[in-house]
1. Do any residues in segment 139-154 that are within 17 Å of residue 77 (Cα to Cα) have Cβ atoms under 7 Å from those of residues that are surrounded by 13 or more Cβ atoms within 10 Å (Cβ to Cβ) and among the basic types (Lys, Arg), where the two are at least six apart or on different chains, and which pairs are they?
2. So, in segment 117-128, of the ones that are in contact (Cβ under 8 Å) with a residue 40 or more places away in the chain and out of contact with any Lys or Arg (no Cβ under 7 Å at 6 or more places or on another chain), which residue ends up least open to solvent (accessible area, probe 1.4 Å)?
3. What do you reckon, is residue 66 open to solvent by less than 80 Å² (accessible area, probe 1.4 Å), at pLDDT below 75 and either within 28 Å of residue 162 (Cβ to Cβ) or not polar (S, T, N, Q) (or both)?
4. Take residue 55 and tell me if it is outside any strand (DSSP E or B) and either surrounded by 11 or more Cβ atoms within 10 Å (Cβ to Cβ) or modelled with pLDDT of 95 or more (or both).
5. Select, from 124, 155, the only residue that is touching a strand residue (DSSP E or B) at 6+ places or on another chain (Cβ under 7 Å), modelled with pLDDT of 95 or more and of a type in the set (Phe, Trp, Tyr).
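The values are calculated or read from the model by the stated rules, or taken from the named source; none is laboratory data. Model, not experiment: these values are computed from the prediction. Here the Cβ positions follow ideal geometry from the backbone for every residue, glycine too, while neighbour counts run over all protein chains shown. Calculation scope for accessible area: heavy atoms of the full protein, side chains included, ligands and nucleic acids excluded. Shrake-Rupley method; radii C 1.70, N 1.55, O 1.52, S 1.80 Å.
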Amino acid sequence: MCKRKILAVLALGFAVSLVNLTGCGKKPAPTPPPPPPVVKQEAPKPAPAPAPKPVAPAPPKKAVEAPQPPRDLSFTPIYFDFDKSDIRSDQVSSMNGDADLFNRWKTISVRLEGNCDERGTVEYNLALGQRRADSVKGFLVNYGISDSRITTVSYGKERPIDPGHIEAAWQKNRRVDFVITNR
């Protein structure tokens with residue numbers, strides 16, 4: 001009987017071992033609790049805007065005016081040789097100075113008045129005076145002055161500065177004068 005006891009103990013040990021090896025199954029991992037339900041909250045409605053307060057109209061803004069040229073502003077007359085309408089080399093610096101005045105004072109417009117000495121016919125001197133005025137205008141336009149700011153006219157021999165009948169008087173009368181027509 002001893003053998004039976006031994007066999008029973010062995011069978012019992014085998015059964016326990018078998019249960020231990022196969023086990024009862026793994027314990028399930030604990031499941032996390034479900035997340036709390038999301039409650040959608042509506043964005044708070046903005047408070048109604050206060051009614052606008054009446055505002056007095058702003059005073060009109062004053063336009064910024066460009067500085068005005070001085071009243072005593074003057075251009076230098078341009079002098080010419082006898083029977084010529086091209087600008088003399090000694091007159092170029094005067095022309096540059098006159099052109100600089102134009103560039104500084106953008107509102108100025110001028111009339112260029114061509115003049116001649118008393119020699120020659122009225123018709124010839126009117127044409128020569130016009131060529132002289134046009135020559136000065138061409139110089140100014142090439143300098144960058146808008147031709148819309150410049151008009152020309154010829155007075156021929158009708159407006160002498162010096163009424164003398166000698167070369168010194170005639171030299172003063174062969175000229176183009178600048179007359180400001182718009183400030």
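1. Listed by first residue and then by second, the contacts come to 150/137; 151/111; 152/137; 153/111.
2. So the first thing to find is which residues in segment 117-128 are in contact (Cβ under 8 Å) with a residue 40 or more places away in the chain, and the list is 117-119, 128.
Remaining after also requiring out of contact with any Lys or Arg (no Cβ under 7 Å at 6 or more places or on another chain): 119, 128.
On the way: 119: 74, 128: 7 Å².
Across segment 117-128, the extreme among qualifying residues is 128.
3. Working: open to solvent by less than 80 Å² (accessible area, probe 1.4 Å): yes; at pLDDT below 75: yes; either within 28 Å of residue 162 (Cβ to Cβ) or not polar (S, T, N, Q) (or both): yes.
Spelling it out, residue 66 is indeed open to solvent by less than 80 Å² (accessible area, probe 1.4 Å), at pLDDT below 75 and either within 28 Å of residue 162 (Cβ to Cβ) or not polar (S, T, N, Q) (or both).
4. Details: outside any strand (DSSP E or B): yes; either surrounded by 11 or more Cβ atoms within 10 Å (Cβ to Cβ) or modelled with pLDDT of 95 or more (or both): no.
So residue 55 fails the test.
5. Working: 124 fails: touching a strand residue (DSSP E or B) at 6+ places or on another chain (Cβ under 7 Å).
Testing whether each residue is touching a strand residue (DSSP E or B) at 6+ places or on another chain (Cβ under 7 Å), modelled with pLDDT of 95 or more and of a type in the set (Phe, Trp, Tyr) leaves just 155.
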